[in-house]
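*Asks:* Can you read through this structure? Questions will come right after.
The values are calculated or read from the model by the stated rules, or taken from the named source; none is laboratory data. Predicted, not measured: the structure shown is a model, and the values here were computed from it. Virtual Cβ from ideal backbone geometry, glycine too; neighbours counted across all protein chains shown. The protein model used for the area step is the full one, side chains on, heavy atoms only, and it has no ligands, DNA or RNA in it. Shrake-Rupley method; radii C 1.70, N 1.55, O 1.52, S 1.80 Å.
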Amino acid sequence: MADKLVIVESPSKSKTIGQYLGDEYIVKSSKGHVRDLAISGIGGLGIDVSNQFRPEYVVIPEKKALVKELEDAARKVKEIYLATDPDREGEAISWHLLQTLDSNNKKVKRIIFNEITKTAIHEAFERPTDIDMNLVSSQETRRIADRIIGFKLSKLLQSKIKSKSAGRVQSAALKLIVDRDKIVNDFISEEYYEIYAKFPGFEAELSKYMDKIPKIPTLEKADQIMSSLTNSMTVEMLETKRRVTESKPAFITSTMQQDASNRLGFNSTKTMQIAQKLYEGIDLGSETVGLITYMRTDSIRLSESFINSASDYIVSNYGKHYLGYSKKNVKGSNIQDAHEAIRPTDAFRTPDSIKIYLSKDEYSLYQMIYARAIASIMKPVLTDVTTLLLRSNEAIFKATSSKPVFDGYLKIYGKYEPIEEIEKCSFPELAINDTISALEIIKKQCFTQPPLRHNEARLIKEMEDLGIGRPSTYAQTIQTLKVRKYVTLVDKKFVPTDQGKITIEQLDIYFKDFISANYSRNMEDILDQIAMGHADQLKVLTDFYDYFMPQVENARLNMEKVHPKETGEICPVCGHKMVHRKGAYGDFEGCGNYPKCKYIKPSPKIITKESTALDTKISCPQCHKGTLIERVAGRGSHKGNKFFACSNYPKCKYIAPYRATGKKCPKCGKPVIVDELGVVRCIDNIRCGFSE
């Protein structure tokens, strides 16, 4: 009979791990957090600010049945192992489970592993540890600060300018998009010219004129320079140098998201969903095994065991002369070395050997992760680069030719970083002081181009460079900007909406430092210090609160409220002017005297009749009295779209932050929805757990 309980986060992971452990173990999943801050107390914060920011935690309503199931399982065993994800959030989940379950007279241990393979799981159980309270404190500090920001700043913006939310990371990322949009819109293209000399087999560009880098802003200037040139030119320099191009380190979260966007066309949310599946375990016929290591990491370190295995693979498949060395972390801020880089769990488990077990997208991402990790310990690429300088009076023309000598790591990574052409151009046999005659000298009209708008890859890279947030939060941050309708995608590039622009405009006035990259980076550093036990949680929260709340109060008193536009009609109930308003499911016309008068122009109707509504039987997370009912929007741009709202309407006006797909769950028959993170899943994910 099983007398040991193992709790992981996801059902998929519990299935994979369960096959590696014996019958004495019961493996269950918490499906993420089981507790969160209450929405009680002063301001609904769930935090007693005056009592050292003491938090009040409650079981998440949707998790009550699951918690009871875990409690029942915990009572029947002698040992409890908390095997949640190996990061701050996972550490906090383990701590909350410990606080929730009856652990009296029981052995309770924390289990940490970076990959879900039989060897890694057994090794982890041989060296159990205790919950790291410094990591828990760091996560709790972030959560408390986020709750204060969310309740104070978001409510302020909702009341003043109708913006749905704001946050330290979210708003800093939005500011990058808005600022870039302004630069692009304000950009004035300027004319300039380039001059080329064409020769048999190659062409050379004017690189210096009168010992200076030429700036040719006008046609007149170009013609003036051209009139001083002769077609006969003298070889001033002919030099070949060997260029050594090192391989890139194995992926971290941010670089994986960037390359998946650039190479595979995946958005960050999709990339993380696929990576999560590869990490938690794929059924390979004879066994279910995790194919990659943990995908939330900012360390480029590789374990010695993997380096040894990958080295054997390289030597046996490509030869010893392709074997290089592993990359080391560069010391600096925001480097968490507790994890490895993202790599395959087995260097000999090639993408093609398991292709039949993977979906097209899973195969594409695994192939890229695999190739990058193997390539990271291979020899560099060697290229001979020849530079030719030609003089024509006061002008110097430059041409280059490159020729690969050794393909190195591109042997496996060439698909993602194509090998250069054999020769970019062909030079004749030349020596210093030789003369060569140009076939013609031409001028080319050019125009300066504005900087590129951010796509997901560029935004993630800039957030990482500036220290805004953590790589593990990039996907969620970007998804939030989309859901809040602060940005739209045009040709896969972010363009801020009017609401996004006004949000940053007001935040720039009243919270300029708060939404800056410097503040976000400094806060991440402070959270790191808490995680390492070098900073005090109470002092950090006190400093944050004393800095933040005066700005909120100043904005509350001085930020101008945006009033809705009038429709030109009069309310038939109270006689006030009717105005245009925005609702969660489209624009509508309502009385300008709201909330005293709640008249809404009645045609067309907003929702379906109650009698036709589908009741999901899921408790409303806001009032806990009603249940979530499927409704249909009746007007605006969302007309006809299905959504879920509380059956206790109008007493409770909760609307779920996810949308209906019109499909039914193949497991339980309830609606399939797309949640706020873009995951397609059963609406009853607690009991059912189905997801695509």
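*Asks:* Count, please, the residues in region 104-137 that happen to be open to solvent by 40 Å² or more (accessible area, probe 1.4 Å) and touching a Gly at 6+ places or on another chain (Cβ under 6 Å).
*Replies:* Total meeting the criteria: 1.
*Asks:* Of the residues I161, I149, I144, which single one is within 17 Å of P496 (Cα to Cα) and open to solvent by less than 50 Å² (accessible area, probe 1.4 Å)?
*Replies:* Details: I149 fails: within 17 Å of P496 (Cα to Cα); I144 fails: within 17 Å of P496 (Cα to Cα).
Just a single option satisfies the conditions, and that option is I161.
*Asks:* Yes or no: S40 within 33 Å of the chain's Cα centre (by Cα), in a loop (DSSP other than H, G, I, E, B) and polar (S, T, N, Q)?
*Replies:* Values: within 33 Å of the chain's Cα centre (by Cα): yes; in a loop (DSSP other than H, G, I, E, B): yes; polar (S, T, N, Q): yes.
Spelling it out, S40 is indeed within 33 Å of the chain's Cα centre (by Cα), in a loop (DSSP other than H, G, I, E, B) and polar (S, T, N, Q).
*Asks:* Now, a different point. Quick one: would you say E610 is modelled with pLDDT of 80 or more and among the acidic types (D, E)?
*Replies:* Details: modelled with pLDDT of 80 or more: no; among the acidic types (D, E): yes.
For E610, the condition - modelled with pLDDT of 80 or more and among the acidic types (D, E) - is not met.
*Asks:* Just give me the residues in region 195-236 being of a type outside the set (F, W, Y), open to solvent by less than 40 Å² (accessible area, probe 1.4 Å) and part of a strand (DSSP E or B), in sequence order.
*Replies:* Across region 195-236, the qualifying residues are I195, A197, A204, L206, S207, M233, V235.
*Asks:* Of E24, E62, E56, E69, which residue is within 27 Å of the chain's Cα centre (by Cα), surrounded by fewer than 18 Cβ atoms within 10 Å (Cβ to Cβ) and either closer than 21 Å to L101 by Cα or of a type in the set (V, I, T) (or both)?
*Replies:* E62
*Asks:* If G150 passes every condition in (1) at pLDDT below 95; (2) part of a helix (DSSP H, G or I); (3) in contact with a helix residue (DSSP H, G or I) (Cβ under 6 Å, 6 or more places away or on another chain) but one, which one does it miss?
*Replies:* Condition not satisfied by G150: (3).
*Asks:* R581 passes all but one of (1) modelled with pLDDT of 75 or more; (2) in a loop (DSSP other than H, G, I, E, B); (3) farther than 29 Å from I274 by Cα; (4) open to solvent by 40 Å² or more (accessible area, probe 1.4 Å); which number fails?
*Replies:* (2)
*Asks:* Which ones in region 248-275 are of a type in the set (S, T, N, Q) and within 19 Å of A347 (Cα to Cα)?
*Replies:* Across region 248-275, there are no qualifying residues.
*Asks:* Within region 164-190, take every residue that is among the polar types (S, T, N, Q) and either open to solvent by less than 30 Å² (accessible area, probe 1.4 Å) or assigned to a helix (DSSP H, G or I) (or both) and give me the one that is nearest to E553 (Cα to Cα).
*Replies:* S165
*Asks:* Going through K663, K639 one at a time, which residue ends up being modelled with pLDDT under 75, surrounded by fewer than 17 Cβ atoms within 10 Å (Cβ to Cβ) and not polar (S, T, N, Q)?
*Replies:* Of the residues listed, the single one that is modelled with pLDDT under 75, surrounded by fewer than 17 Cβ atoms within 10 Å (Cβ to Cβ) and not polar (S, T, N, Q) is K639.
*Asks:* Say we look at region 482-497 and pick out the residues that are among the aliphatic types (A, V, I, L, M) and closer than 19 Å to K461 by Cβ; which of these is most open to solvent (accessible area, probe 1.4 Å)?
*Replies:* L489
*Asks:* Still on this model: Any residue in region 83-100 that is of a type in the set (D, E), modelled with pLDDT under 95 and over 26 Å from R142 (Cα atoms)?
*Replies:* Among the residues of region 83-100, not one is of a type in the set (D, E), modelled with pLDDT under 95 and over 26 Å from R142 (Cα atoms), which makes the answer no.
*Asks:* When you scan region 304-318, do you find a residue that is surrounded by fewer than 17 Cβ atoms within 10 Å (Cβ to Cβ), in contact (Cβ under 8 Å) with a residue 24 or more places away in the chain and among the polar types (S, T, N, Q), even just one?
*Replies:* Checked region 304-318: at least one residue is surrounded by fewer than 17 Cβ atoms within 10 Å (Cβ to Cβ), in contact (Cβ under 8 Å) with a residue 24 or more places away in the chain and among the polar types (S, T, N, Q).
*Asks:* Please find, within region 503-543, the residue that is most open to solvent (accessible area, probe 1.4 Å) out of those that are part of a helix (DSSP H, G or I), of a type in the set (A, V, I, L, M, F, W, C) and within 24 Å of D465 (Cβ to Cβ). Reasoning before the result, please.
*Replies:* Our first condition is that a residue be part of a helix (DSSP H, G or I); within region 503-543, this holds for 503-510, 517-531, 537-543.
This time we only want the ones that are of a type in the set (A, V, I, L, M, F, W, C), so: 504, 507, 509, 517, 523, 526-527, 530-531, 538, 540-541.
When the remaining residues are screened for being within 24 Å of D465 (Cβ to Cβ), the result is 504, 507, 517, 523, 526-527, 530-531.
Working: I504: 3, L507: 0, A517: 22, M523: 20, I526: 62, L527: 2, I530: 3, A531: 13 Å².
The qualifying residue most open to solvent (accessible area, probe 1.4 Å) is I526.
*Asks:* Of everything in region 209-263, what is under 12 Å from A395 (Cα atoms), hydroxyl-bearing (S, T, Y) and either in contact with a Phe, Trp or Tyr (Cβ under 9 Å, 6 or more places away or on another chain) or without any contact (Cβ under 8 Å) to a residue 60 or more places away in the chain (or both)? Give them in sequence order.
*Replies:* S227, S228
*Asks:* Which of the strands (runs of 3 or more DSSP E) contained wholly in region 48-146 include at least 1 residues that are within 16 Å of Y25 (Cα to Cα)?
*Replies:* 79-82, 107-110
*Asks:* How many residues does region 432-481 hold that are part of a loop (DSSP other than H, G, I, E, B), hydrophobic (A, V, I, L, M, F, W, C), in contact with a strand residue (DSSP E or B) (Cβ under 7 Å, 6 or more places away or on another chain) and surrounded by 19 or more Cβ atoms within 10 Å (Cβ to Cβ)?
*Replies:* Final tally of qualifying residues: 1.
*Asks:* Ok, one more. Any residue in region 540-553 that's more than 15 Å from I144 (Cα to Cα): show its pairings with residues that are in a helix (DSSP H, G or I) and charged (D, E, K, R) at Cβ separation under 9 Å, as long as the two are six or more apart or on different chains.
*Replies:* Close Cβ pairs satisfying both conditions: V552/K152.
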